[in-house]
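I have placed the structure first, in the form of structure tokens, so that the comments after it can refer back to it.
The values are calculated or read from the model by the stated rules, or taken from the named source; none is laboratory data. Quantities reported herein were computed from a predicted structural model and do not represent experimental measurements. Every residue, glycine as well, gets a Cβ built from its backbone with ideal geometry; the counts of neighbours run over all protein chains shown. Surface accessibility is based on the protein's heavy atoms, side chains included, excluding ligands, DNA and RNA. Shrake-Rupley method; radii C 1.70, N 1.55, O 1.52, S 1.80 Å.
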Protein chains: 6
Amino acid sequence: MPLDRDHLIGKQALMLLLQPEYKLPKELADLGWRCCKGKVGSMDAQKVVAAVETAAKNQGMIEHQLYREAHALYHGILEALSGVTRGNNQLGTVLRTVGLTFSIVRGNPYKDKREGEWLAVALYGTIGAPVKGLEHETIGLGINHI
Amino acid sequence: MPLDRDHLIGKQALMLLLQPEYKLPKELADLGWRCCKGKVGSMDAQKVVAAVETAAKNQGMIEHQLYREAHALYHGILEALSGVTRGNNQLGTVLRTVGLTFSIVRGNPYKDKREGEWLAVALYGTIGAPVKGLEHETIGLGINHI
Amino acid sequence: MPLDRDHLIGKQALMLLLQPEYKLPKELADLGWRCCKGKVGSMDAQKVVAAVETAAKNQGMIEHQLYREAHALYHGILEALSGVTRGNNQLGTVLRTVGLTFSIVRGNPYKDKREGEWLAVALYGTIGAPVKGLEHETIGLGINHI
Amino acid sequence: MPLDRDHLIGKQALMLLLQPEYKLPKELADLGWRCCKGKVGSMDAQKVVAAVETAAKNQGMIEHQLYREAHALYHGILEALSGVTRGNNQLGTVLRTVGLTFSIVRGNPYKDKREGEWLAVALYGTIGAPVKGLEHETIGLGINHI
Amino acid sequence: MPLDRDHLIGKQALMLLLQPEYKLPKELADLGWRCCKGKVGSMDAQKVVAAVETAAKNQGMIEHQLYREAHALYHGILEALSGVTRGNNQLGTVLRTVGLTFSIVRGNPYKDKREGEWLAVALYGTIGAPVKGLEHETIGLGINHI
Amino acid sequence: MPLDRDHLIGKQALMLLLQPEYKLPKELADLGWRCCKGKVGSMDAQKVVAAVETAAKNQGMIEHQLYREAHALYHGILEALSGVTRGNNQLGTVLRTVGLTFSIVRGNPYKDKREGEWLAVALYGTIGAPVKGLEHETIGLGINHI
Ligand SMILES: [Mg+2]
Ligand SMILES: [Mg+2]
Ligand SMILES: [Mg+2]
Ligand SMILES: [Mg+2]
Ligand SMILES: [Mg+2]
Ligand SMILES: [Mg+2]
């Protein structure tokens, strides 16, 4: 049941964002792990959610016909967004904007095969006033069973 | 005023946690950037706050005689904790525990020298039930001017 | 993919609490749906979480060796608790107490078999000052895929 | 001062939503209890608030010329909405929508006549992505003195 | 229905805290307005709630046998506490403490007599680390119909 | 390091709002303290933020070319807004509006000169339904080092 320290799904999602050239280790790809990346900049929190959902569907990260997969992804995104906004999920409504890259990783981070697949959603970039340069970095990570 | 993409203070704080062997680049150290790392595991959110504050003082990350520095650090910690808890800062009170490493980086991430010093506080580790293995990864980052 | 209006898992969980004599319809039991009920009164939010988790394990609602099931349950409980506390998950720390009954229902509320199993956690009872009678009713419902 | 277990105002409001044919018991109607029901579907949280307020005024649940009654109702609605959204009152801004029925009940749920009138606002229905079928049930209840 | 600009109940509660010698204007006292003041310092949010509740009862600000009055006061206190903590009601659990004075004012701030009595709860003082001097000012105000 | 009880920056900001004729004491002006005031009414939280930011820039309260000053102000505004909204920063999205006056004060409230400058942002006025008269008072205060 413990996490496999070599299969940390959150760390993989974060490394994909922090190091542009980073690739999912071959060992994980061989185990069937999948990942995708994208970008989104907006003052609308809903556009951040939509961008991640769209990428996940288009790149086959989830079986989007199944609500259970869309539901797992949605809560993962909201948890990541909570980190980015430090709790309130508010962007333009409190006069701030984000420029983010996002990654999604799908795989089983546990030693026990029965734990099945999990999803990590990571967001990293800048948050600040809608004025160039008035911004600092921000990060968020959501992890859910799928 | 823009962020210097080679001087990303949040990214430095995160890399220190995600790659155990990572060191602050010499270029940044030469500019006077400082950093420290530590560990804390607890069901009490206040112990997480205390562990980071204590490390910051003991390792000279802040001038702890000055409230303005302690205040900058405190809000940075709370923002990072918000990411870890996805918004509510609650651990044992909702029956969960964390095992975290933390890092603090101090330096000026902007191109303009007048932006002065900023602080990044990063937390990374696991969160879950107070039962070994019932946990997943979590991250948080707080950034503040000091 | 749509919800089956005759298989509303949340409604079942709520009816189990609102009508003491209510039983899961035979049709649902025949489909393999399971449920359990219990009681908890406390000023500690963590004891509410623990009571529901313990009942779920002891009555076989989840495979407690699997973190993915414990994780699904935990987030379901926190969502229900959020309804009870109207957002902050705080009881004794803001000087209030609850007297609750809880129910858990497990089954597939969707028309599509591939949606698999979901969990509903419902909490109903009173919330108020730690003085007999100074209280009003409260409810919460959390629903998660498992 | 204790709640009268036969006069549970929250339970009445919930039963009105969970069982379409449910009617306020004659005993309560004879005591002057009043209730109303309605429907609202929206991605705008403010439309949910408006729908409940409008129904309350139009159906004489509150004396809408008095702010103290409008105030009691408003906070009751927000508490119910908090249950529906599990704490953040956000719908479209985080890319989700609701399809809800609502009920309002007005009466004295306490044994002591001096407790005067109280208001229960209940919301029940579905919450999910703005795509048919990608949704699960949700509930919320707010109770306030009036 | 409009607020009477000479009968601002919140302003009265705030002035009582900000100017130690301030007294409720005779005009308001003649209309039956009442007020009380007190002090509380703690790392426990529940002790702040308890201190205000106890003062309210002991000084006859509410009819504490009636839950509707205790309920009105409780929500007023929590709203004021939310201002003091800037949203999370957390003190010691996030390693901070408060030193507060509080005031309660009861009266009708509206031009229309039918608006009846309202309650204002104000909190003012300092919040910060549990170390002398590491603190800044904070305020909160809750207003409720009673 | 302690607060100077004659130099309470939050109290100054509050008095500027509560007493229209109030002026910053000459002693503080002589020490270089600065202040400004303004008004804003809106259902959009972002317009409240914008109004305070614009006044601060136009009246020289911050060096708006420096992000560290804009950042200090922004977090001060959000803390004040949190008091006004009692935690959620939501106005029109939950069908309510505000009519506020605001003040900003800049100076060093501590006995130690090394504490440097701090900023207090205060908001005071009414909050309620978008209907004249359906409103009560509200206050918020944010304090930050700059
Ligand atoms: Mg989780
Ligand atoms: Mg910031
Ligand atoms: Mg959900
Ligand atoms: Mg209540
Ligand atoms: Mg109100
Ligand atoms: Mg502070």
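Per-structure values
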quantity	calculated
Radius ratio Rg over Rh of the stretch B:1-86, counting only Cα atoms, Kirkwood formula for Rh	0.97
Shielding score for D:75-85, defined as the mean number of other chain Cβ atoms within 10 Å	5
E:TYR22, D:TYR110, ranked by accessible area, largest first (probe 1.4 Å)	E:TYR22, D:TYR110
Relative contact order (%) - criterion: Cα under 8 Å, at least six apart; region: the stretch A:1-71	18
Estimated FRET transfer efficiency (A:LYS113, F:ASP4; beta-carbon r; R0 60 Å; 0.05)	0.40
Per-pair calculated FRET efficiency, R0 = 22 Å: B:ASN58 and B:ASP30 via Cβ, rounded to 0.05	0.35
Percent RCO, i.e. relative contact order, over chain F, from Cα pairs under 8 Å lying at least 6 residues apart	31
Calculated from backbone phi, Karplus (6.51, -1.76, 1.60) coupling profile of the stretch C:134-146 in Hz, x at Gly/Pro	7, 7, 9, 6, 7, 9, x, 9, x, 10, 8, 7, 10
Using distinct alpha-carbon pairs, which all enter the 1/r mean, Kirkwood radius of chain B in Å	15.4
Shielding by partners, peptide E:61-72 (average Cβ within 10 angstrom, other chains)	6
Low-density loop positions, trypsin sites (Lys or Arg not before Pro), the stretch A:75-113 - DSSP coil, at most 15 other Cβ in 10 Å	A:LYS111
Across the identical copies, how the F:ASP4 labels are spaced - nm, sorted shortest first, 7 Å along Cα→Cβ	3.6, 4.2, 6.3, 6.3, 7.4
D/F buried area, accessible surface, summed, 1.4 Å probe, Å²	1100
Other-chain or far-sequence residues with amide H under 5 Å of B:GLN19's (modelled H)	none
Solvent-accessible surface (1.4 angstrom probe) belonging to E:ASP44, in square angstrom, nearest 10	60
GluC sites (Glu not before Pro) within the stretch E:16-92: DSSP coil, no more than 16 neighbouring Cβ in 10 Å	E:GLU21, E:GLU63
Cβ-vector label at 7 Å, F:TYR22, separations to other copies in nm	0.7, 4.7, 5.0, 5.0, 5.3
Size-normalised alpha-carbon gyration radius of the stretch C:39-82, reference 2.2 N^0.38 Å	1.11
Inter-copy separations for E:GLY99, label at 7 Å along Cα-Cβ, nm, ascending	3.9, 4.1, 4.1, 4.5, 5.8
Trypsin sites (Lys or Arg not before Pro) restricted to DSSP loop in the stretch B:1-79 with at most 15 other C-beta within 10 Å	B:ARG5, B:LYS23
Area of D:THR54 that stays accessible when all protein chains are in place (1.4 Å probe, Å², to 10)	70
Rg ratio (alpha-carbon, reference 2.2 N^0.38 Å) - the protein assembly as shown	0.91
Length-normalised contact order for the stretch B:26-106 - Cα pairs under 8 Å, 6+ apart - percent	49
Peptide-level mean, for C:89-98, of C-beta atoms on other protein chains within 10 Å	6
Alpha-carbon Debye profile of the stretch B:48-123, log10 I(q)/I(0) at 0.25, 0.28 Å⁻¹	-1.19, -1.34
Descending principal axes extents, the stretch A:93-132, alpha-carbon based, whole Å	48, 17, 10
Cα-based helix-to-principal-axis angle, E:9-18 vs chain E, degrees rounded to 10	40
